[in-house]
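The values are calculated or read from the model by the stated rules, or taken from the named source; none is laboratory data. The structure displayed is predicted, hence computed values, not measured ones. Cβ coordinates were reconstructed from backbone atoms using ideal geometry, including for glycine residues, and neighbour counts include every protein chain displayed.
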Amino acid sequence: MSKIVIAGAGYAGMMAAAYLDRQGIPFTLVNNHDYHYLTILLHEVAGGRDVGDKYKIPIKEVLRNDSSELVVATVTGIDRERRVLKTSEGEIGYDYLIYALGWVSEYFGIKGLKEYSLSITNLDSAVEIRRHIDEQFRLYKQDGDDRHLRIALGGAGLTGIELMGELLEYLPKLCRELDIPWEKVDVQCIEAMPTILPMVAEHLRPYVVETITKRGGKLRTNAKINEVTEGVIHLDGGEKVEAGTIVWTGGVRANPILSEAGFTVDRRGRAKVNAYLQSVDDEQIFVAGDSAWAEDENGRPYPPTAQNAEQMGPLAAKNILLRERRREMQPFKPRDWGTLCSLGSEVGVGSFLGVPIKGVMGALAKEGSKAKYLWELGGLRLAGNHAKEVVRI
């Protein structure tokens, strides 16, 4: 059997690894941690719902076969000519590579944004945001500076709105704990576009606005960030927003390893693949998840969503096996389950299988999607083990 290497243990990489593990096919998974974390729930960590460890899944809890190898290392490059994956722990040769490294933040050239903002890029960064906010509120108790109580979120997409929902649920509790008047807290989301949540049906957005504003949050649209300096957001028109916490959630792009290795990439750095998730530049490399520039039959790119990544991973692994057996590979035709946005632990909004939902049903559907993923990743054993930690229906 040819040597299969998987780079990255995000949704796509873990699902690919789980598929091969169940088939008893030897492979090597390279990841910078010995655990997988639930990326689309990191706003819960950053926003104070629960501690970071509750969102970790030990990789060895998923991969049960002795033939499944885990190498804990950081991927640093790809040598396509030599068929070698470069890592912080040395080079790893491959016959087939499933490249599934995740994304990095996209700052769109805004001066100072990267240097003076926080961003949810991994589990550690989500934990740091929570710690930073707690520290700012405690500093307010020492010096009385209101800036410590102002939190500015850049970007009103899914991550920004979901983080805001979590904060508006957590911060009143923190205020009671520290004896800080809630009315002094200022949580605002700054969005350059005229609307929020473009991936959610337009008729559902007023519900989001109403829910957020009733809880004390501020949604600011048509507000373009020109520059960020230490503790200050400079908006188009000259307004300045001074904040103790600045979190950027406004965009992502693929890891630059792809472009550095000479792949054909789109403007977000994703590698172009064919219908079978093979790189158009290298038939021995399959690309899945947020790194894949995959298109439907009409030439429209698929969005970089977790549900697409979950379906890409096992298909990439399956297609390698089919190719090895000289059988016809299968095209990527994902099922769209819908888009769900939580607004805290008790309400949400979005659609499920084309049906719009909001309120408690939205929150239940969001929690149900977590259970579905755990089931698909590791069956009843994994879903049962982690239900109390990450699924609270």
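Some notes on this structure:
- Qualifying residue in the stretch 31-40 (condition: assigned to a helix (DSSP H, G or I) and either touching a residue at least 60 places away in the same chain (Cβ under 8 Å) or outside the structural domain of residue 177 (by TED's automatic domain parsing) (or both)): yes
- Cβ pairs under 6 Å, 6+ apart, first in the stretch 263-277 and closer than 13 Å to residue 304 by Cα, second assigned to a strand (DSSP E or B) and charged (D, E, K, R): 268/253; 269/253
- Residue among 297, 310, 260 that alone is crowded, with 18+ Cβ neighbours inside 10 Å and acidic (Asp, Glu): 310
- Test: residue in the stretch 132-154 that is within 23 Å of residue 306 (Cα to Cα), in contact with a strand residue (DSSP E or B) (Cβ under 6 Å, 6 or more places away or on another chain) and either β-branched (Val, Ile, Thr) or touching a residue at least 24 places away in the same chain (Cβ under 8 Å) (or both): yes
Condition check ((1) more than 30 Å from residue 312 (Cβ to Cβ); (2) touching a His at 6+ places or on another chain (Cβ under 8 Å); (3) touching a residue at least 60 places away in the same chain (Cβ under 8 Å); (4) not assigned by TED's automatic domain parsing to the domain that holds residue 100) across all residues:
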position	(1), (2), (3), (4)
185	yes, no, no, yes
210	yes, no, no, yes
227	yes, yes, yes, yes
240	yes, yes, no, yes
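- Residue in the stretch 213-221 that is in a helix (DSSP H, G or I), free of Cβ contacts under 8 Å to residues at least 12 places away in the same chain and farther than 30 Å from residue 291 by Cα present: yes
- Taking strands (runs of 3 or more DSSP E) as the structural unit, those lying wholly within the stretch 277-393 and holding at least 1 residues that are within 25 Å of residue 105 (Cα to Cα) and not charged (D, E, K, R) correspond to 285-287, 340-342, 348-352.
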